[in-house]
C-alpha cells in the first residue's frame, strides 16, 4: 500500500488568519477542519469540496474534476452560499454560529464556532442502555427551539440525525450541518447527487420533494428519538413505504419510556406527512406536557423510592 | 483505501430511465452497484431502486469498516431484493412483475467480490486489457455456449435482449458469485447496463477506459454510446473506479481519514432527458456573483453580531 494521500488541507496549513489543526470530517460535499484563529481560539472551518465533482489540484486550489462536472460544481457552490446565508442570519444558542465566510483556493470557506462536547450519536453509542426519558424530552425540546428559528426563515434542515445534534459540555444541544438545507432553495431539478441519511430522511425526501415541509424535519426528529430508544438507525423511509418493517415505538419501547413519549415518536414517524405534527411548535408542546401519571400502586411506590 | 470513482446514466430514446447506480464506501471497503429495471414504467424503476437501496443500506449498516463475508453479503442481500419484490407483488396483487437485473461488487483488502443476475456486466481491466468480465444470463449467451450461434450472430440475434435470470421474476433467481479476484493499483472496474455494452464493443471499451481516469473515460463511453443509439436503444448507465493511486497522480477519494463507523453513500437519481435547465443557469455564476454572495453573507454575520 502507498502512503495514503489525503485530499484535505494538511495540518499547520495557513488559511488566511487561521491555522489548520486537523480534519474533523470529510467526504461528501465538504471537509470540516479544526483550526485556530490569531487569538488562539478554536473554530471549525468548512471547505466546499464535493468529492464527486471536484478535487484539489497540485497546488491547493480546488477545481472541477471533469468538464462535464464544472456546471454542477458551480451549482453546488451556489448551494454552499445558501447554507451560509441561512446560518449567518440566525443567532440562536441551539444553532451553530457562523463567524466568517471567505473565498480562497478557488473555493469558499465557512468558519463556525467550535463547540466542545459530543454528538448525540456518540452519546447513544457510548451507552449500553437507551437514553433516559427526561434526557430525551429535554434535549429535543431545546433543540426544537433552534429548529423553530430555522423554519421561521422558511428553511428546512433536511438532515437532522443524531450525528448532527451536538451536545455541549453543559448539556445544551446545537444543531449542526445545514449542508442539505440548500435542497429546498436550489433548483429542484439540479443534477447534484442527493446525499441524505437513510433511516432519518423522510419518505418525501426520496419520492415527492414537492411535499417537503416542516413535517419532513419532524420525521427526522422522530427517527432520532427512535434511535435513542433502540440505539440503532430505523429502516429507510422509502423501504417502509413498500413494506413497513418498523416496529412502533409504543410496542418495542413499552416499559422503557412512557406511552406518552412513545406515541409522540410514532406520531412523528408517520409515513403520511399530513398525519405528523405539522409544526415544531405542536411537537414541542407535546414533548413539554408531563406524561399522565401512571396510577398503579407499584409504579407510584417505585417513583417514590426512585427505582 | 484510495480510488477514483465516477457514475453516469443517460436515458437514451426511452421514455423513462429505469437504470439505477450507486456506491457506498467506508474507510476500508467499497460497494458499487448497478440495476437495470424492467416491467412497466413504475415497476422497473421500483425494482431497480429497491435493488440499489437494499444493498447500500445493508452496506451502511454492516461495513464498519469491512464486511466479514463479502460473498455472503452479496448473495443474501441480492436474494432479499427478490423476496421484497415478491411480497410486494403478492400484497398489491400486481399482474406485471417489477423486475431488475443487478451487478454488484465489493472491493476491500485489495480484493474484489462480484455478484450478478441478468445481463448487466462487470469488466475488470488491467494494463489496457479486459482480464475478466461477467457472463450474461441471457438466451443468446446460452445458445452460444451450446454452440448454436457464434459471437457475431449473438450481437444481432432478434432475442439478444432476453434474459432467463432476474430479480422479481416468476422463477427464483440464481445469484452468480464470481471467484474472489485480486485488485492491483491501476486496475479499472466498470459496471454497466446492456444499453451501454451493446453499443460499445469490449475493445473500444478497453481503449477508452485505459486512456484516462474514470471521471473522464466514463462520460466519454456514455457519449459514444449515445451517439450510436437509435430509436430502439435502451437506457445507458455505468459506474466504475480506478483502484489505488492514479496515473495522473490526481485522486478523488482517500478514505484514510474516515472514522471507523462512518459510511458515505451516493445514489444517483436519474435526470429526465432534455431537462437540463438548471445547469446553464448555474454555469453563469460569475466571479462577480460569487463576490456578491460573499459580501451578503459577511453583512449578515456582522448584522447578527451587533
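For residue A:273, all conditions in the list (1) surrounded by fewer than 18 Cβ atoms within 10 Å (Cβ to Cβ); (2) in contact (Cβ under 8 Å) with a residue 60 or more places away in the chain; (3) within 30 Å of residue B:47 (Cβ to Cβ) hold save one; what is the number of the exception?
(1)
Might you let me know whether region B:2-14 holds any residue that is buried (at least 22 other Cβ atoms within 10 Å of the Cβ), farther than 16 Å from residue A:207 by Cβ and away from every other protein chain (no Cβ under 14 Å)?
Scanning region B:2-14 turns up at least one residue that is buried (at least 22 other Cβ atoms within 10 Å of the Cβ), farther than 16 Å from residue A:207 by Cβ and away from every other protein chain (no Cβ under 14 Å).
Can you pull out every residue in region B:24-37 that is surrounded by 24 or more Cβ atoms within 10 Å (Cβ to Cβ) and at pLDDT below 90?
B:25, B:26
Being more than 10 Å from chain A (Cβ to nearest Cβ), in contact with a helix residue (DSSP H, G or I) (Cβ under 8 Å, 6 or more places away or on another chain) and at pLDDT 75 or above, is that true of even one residue in region B:279-298?
no
Give me a count of the residues in region B:175-205 that are buried (at least 19 other Cβ atoms within 10 Å of the Cβ) and part of a helix (DSSP H, G or I).
Going through region B:175-205 one residue at a time, the tally reaches 5.
So, residue A:212, is that one surrounded by fewer than 23 Cβ atoms within 10 Å (Cβ to Cβ), at pLDDT below 90 and away from chain B (no Cβ under 13 Å) or not?
In short, yes.
Being assigned to a helix (DSSP H, G or I) and buried (at least 20 other Cβ atoms within 10 Å of the Cβ), is that true of even one residue in region B:134-156?
For region B:134-156, residues assigned to a helix (DSSP H, G or I) and buried (at least 20 other Cβ atoms within 10 Å of the Cβ): present.
Which residue, of A:72, A:105, is touching a residue at least 24 places away in the same chain (Cβ under 8 Å), more than 11 Å from chain B (Cβ to nearest Cβ) and either over 22 Å from residue A:167 (Cβ atoms) or surrounded by 20 or more Cβ atoms within 10 Å (Cβ to Cβ) (or both)?
Only one candidate passes the filter, namely A:105.
Can you tell me which residue within region A:17-49, out of those that are within 16 Å of residue B:4 (Cα to Cα) and touching a residue at least 60 places away in the same chain (Cβ under 8 Å), is surrounded by the fewest Cβ atoms within 10 Å (Cβ to Cβ)?
A:28
How many residues are within 21 Å of residue B:88 (Cβ to Cβ) and in contact with a helix residue (DSSP H, G or I) (Cβ under 7 Å, 6 or more places away or on another chain) if we restrict to region A:241-268?
Number satisfying all stated conditions: 4.
Hey, among the residues in region A:75-97 that are without any contact (Cβ under 8 Å) to a residue 40 or more places away in the chain and within 16 Å of the chain's Cα centre (by Cα), which one's farthest from the other protein chains (Cβ to nearest Cβ)?
A:97
In this structure, is residue B:110 under 23 Å from residue B:263 (Cα atoms) and at pLDDT below 95?
So residue B:110 fits the description; yes.
Show the residue pairs meeting these rules: Cβ distance below 7 Å; 6+ apart or different chains; first residue within region A:1-13 and more than 11 Å from chain B (Cβ to nearest Cβ); second residue at pLDDT 90 or above and assigned to a loop (DSSP other than H, G, I, E, B).
Listed pairs, sorted by first residue: none to list.
The values are calculated or read from the model by the stated rules, or taken from the named source; none is laboratory data. As the structure is a prediction and not an experimental result, all values here were calculated from the model. When we count neighbours, we look across all protein chains shown, and the Cβ atoms used for this are built from the backbone with ideal geometry, even at glycine.
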